[in-house]
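First comes the structure, then the notes that go with it.
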Amino acid sequence: MREPSQQEQRVLTTIAGIPEGFVATYGDCSPGAPRLAGAVLRYTDRPLPWWRVVRADGSLTQGSRQHALLDAEGVPFKGARVDLSIARYFPEDSP
DNA sequence: GTGATGACGGAAA
DNA sequence: CTTTCCGCCATCA
């Protein structure tokens, strides 16, 4: 297994630290390189809560599966998007 | 080794 | 409101 870079490490740590009922954006997990966050979720073998990661505008990337999981956690929706003004999680408080 | 791809973001038109 | 374009970085072919 390859040693995770500092940026990858941040992505892993951030996603793992998202509390139930909240979400974080790709940009929050990987500032300056949001595509990296997407790549990590695609290729990692770690058990991460991938459904709690949404686009910067609150729209989902994994359609109904993601919607169902978030809805089950009580994440507030505004139409087809997550209401980030309520459910957004800010990783700066997390290690 | 080079080039294309993608679970993105933000600005511009 | 929508569409287009460029930057970003690990993985894939």
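Every number in this text was worked out from the coordinates using simple rules, so none of it is lab data. The shown structure was predicted, so the numbers you read here are calculated from the model rather than taken from an experiment. Virtual Cβ from ideal backbone geometry, glycine too; neighbours counted across all protein chains shown.
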*Once the Cα atoms of helix A:63-72 and of chain A are each reduced to a long axis, what angle between those two axes, in degrees from 0 to 90 to the nearest 10, is obtained?*
70 degrees
*Return the distance in nm (one decimal) between the two label points of a simple spin-label model at A:Asp45 and A:Gln6, each offset 7 Å from Cα along Cα→Cβ.*
2.7 nm
_Most fluctuating residue given options A:Pro34, A:Pro19, A:Pro47, as computed from a GNM of chain A linking Cα atoms under 10 Å_ = A:Pro47
*Please give the length that would be gained between A:Glu20 and A:Ser64 if that part of the chain were fully extended, namely 0.36 nm times their separation in residues minus their C-alpha to C-alpha distance (nm, one decimal).*
14.0 nm
*Which angle from 0 to 90°, rounded to the nearest 10, does the C-alpha axis of helix A:34-43 make with the longest principal axis of chain A?*
80 degrees
*How far is helix A:6-16 tilted off the main Cα axis of chain A, in degrees rounded to 10, range 0 to 90?*
40 degrees
_What whole-number distance in Å separates the alpha-carbon centres of segment A:44-82 and segment A:1-43?_
14 Å
